[in-house]
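**Q** Dropping a structure here in structure tokens format, bear with me for questions.
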């Protein structure tokens with residue numbers, strides 16, 4: 001390890017805003033040999049590297065940009081979180097110990113750790129209590145400060161931080177639970193019944209569920225949405241799991257799909273759906289006069305299952321948009337006459353109905369049951385036709401929630417623990 005570090009621990013702490021949780025996870029990843037590769041470009045002051053994901057069968061490309069003083073000015077990671085993640089922390093720490101001020105463009109393939117003791121950031125920079133003044137402020141003084149700042153309106157930034165806490169605010173201390181943090185904790189590892197421990201830690205009430213749905217609005221554009229859904233079973237996979245459950249066979253491909261091991265960004269059908277989803281939403285708003293409101297991810301009370309509808313309508317309805325790539329150039333009502341395997345089909349009376357054997361049926365029922373709503377506006381969009389079907393909640397489907405939660409504890413959790 002080098003003695004003259006170009007990337008100092010103080011810079012790493014500053015970039016991660018002294019978030020000890022992320023930094024400690026970065027240290028754990030470093031000690032577990034999760035750095036696969038690192039390259040330093042001294043001219044551009046850029047550190048690039050590949051860091052193993054927690055599952056160790058996938059790597060994420062990371063990039064850290066430094067200024068001439070060795071301070072981190074920018075960092076990015078290809079993981080769902082995207083920035084200020086433990087992968088970046090691990091690469092930064094690896095860079096701290098391996099890049100000297102005299103290095104030019106160099107490449108490292110991570111080697112086995114030596115016996116030398118590595119101090120943690122907490123050992124080197126122990127936290128100290130901080131007091132802005134040398135006496136206690138009483139409530140009257142604090143209220144007087146609030147009143148004076150209110151006179152300036154929005155001119156003074158962050159005055160919302162000084163607002164008095166309401167009972168609702170106090171109950172929202174920990175907004176959401178990250179499952180990865182639980183299963184990597186010492187308490188979980190030492191617990192005798194890990195399934196029961198996880199269920200106890202993940203269980204949430206209706207108020208927390210609504211709060212999480214609110215702070216994850218924007219879904220794929222919102223970092224919190226990725227954090228909440230990670231290691232949870234989401235509605236888009238309900239049909240796949242229930243199909244495997246009926247056959248009592250759970251192939252490796254199932255767990256790869258649940259872990260997000262397949263990169264869907266390059267699949268044409270996925271890109272097509274993402275591109276045209278807004279067109280379907282606009283149709284519902286304009287032609288059916290629906291007031292569609294955006295939402296985030298909703299969790300079951302167990303905290304193990306999640307559902308992200310494409311929108312909310314009123315207090316009892318949701319919206320789901322499908323843009324089938326295989327039917328993109330078809331008039332869907334004509335194509336359905338030739339096959340009956342899609343999510344909608346013709347019945348014997350010539351009416352278009354929902355196909356209860358299709359995976360989208362299970363996705364929609366999962367959405368309705370987790371959100372506790374009564375109906376779904378299923379809008380299917382193609383270039384030549386738009387068909388909207390109202391799907392009512394099927395109360396008998398509710399038993400599948402228990403099946404899915406039991407699958408999580410008995411099958412999915414053991415896989416997560418191994419990885």
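A short reminder: the numbers here are calculations on the coordinates, not readings from a lab. Computed from a predicted model, the values in this text were never measured in an experiment. Every residue, glycine among them, receives a Cβ derived from its backbone with ideal geometry; neighbour counts consider all protein chains shown.
**Q** Principal axes first, then extents: for the Cα atoms of region 338-404, list largest minus smallest coordinate on each axis, whole Å, largest first.
**A** Largest first, region 338-404 extends 38, 22, 19 Å along its Cα principal axes.
**Q** A further question on this structure: Return a whole-number percent for the relative contact order of region 356-419, with Cα pairs under 8 Å and 6 or more residues apart as the contact set.
**A** 24 percent
**Q** What's the extension gain from residue 374 to residue 394 if we count 0.36 nm per residue and subtract their Cα-Cα distance?
**A** 6.3 nm
**Q** For the pair residue 270/residue 42, report the inter-label distance in nm, with labels modelled 7 Å from Cα in the Cβ direction.
**A** Output for this residue pair reads 4.0 nm.
**Q** Just need the Rg to Rh number for region 209-402, please, alpha carbons only, Kirkwood Rh. Don't jump to the answer; show the numbers that get you there.
**A** Values: Rg = 16.4 Å, Rh = 17.4 Å.
Result: Rg/Rh = 0.94.
**Q** Starting from 0.36 nm per residue, how many nanometres of slack lie between residue 221 and residue 19 once their C-alpha separation is accounted for?
**A** 70.4 nm
**Q** Give the order of 258, 7 when sorted by the count of other beta carbons within 10 angstrom, beginning with the fewest. List each step's numbers first, then the result.
**A** On the way: 258 21, 7 26.
Starting with the residue having the fewest Cβ neighbours, the order is 258, 7.
**Q** Let's test the formula: R0 of 35 Å, r as the Cβ-Cβ distance of residue 68 and residue 32. What FRET efficiency results, to the nearest 0.05?
**A** Numbers: r = 32 Å, r/R0 = 0.93.
Here the calculated transfer efficiency is 0.60.
**Q** Sticking with the crude label model, points 7 Å out along Cα→Cβ, report the distance from residue 326 to residue 136 in nm, one decimal please.
**A** Using points 7 Å along Cα→Cβ, the separation is 7.0 nm.
**Q** Which order results if 244, 85, 189 are arranged by neighbouring Cβ count within 10 Å, fewest first?
**A** On the way: 244 16, 85 25, 189 11.
Least to most surrounded, the residues fall as 189, 244, 85.
**Q** For residue 246 and residue 333, compute 0.36 nm times the residue count separating them, minus their Cα-Cα distance, and round to one decimal in nm.
**A** 28.2 nm
**Q** Now a separate question. Applying 1/(1 + (r/R0)^6) with R0 = 60 Å to the Cβ-Cβ distance of residue 100 and residue 206, what FRET efficiency is obtained, to the nearest 0.05?
**A** It comes out at approximately 0.60.
**Q** Still on this structure, please answer the following. Taking the number of other C-beta atoms within 10 Å as the exposure measure, put 225, 381 in order starting with the fewest.
**A** Neighbour counts put them in this order, fewest first: 225, 381.
**Q** Okay, next question. Using a Förster radius of 45 Å, what is the FRET efficiency between residue 286 and residue 181 based on their Cβ-Cβ separation? Nearest 0.05, please.
**A** On the way: r = 43 Å, r/R0 = 0.96.
So, using R0 = 45 Å, E works out to roughly 0.55.
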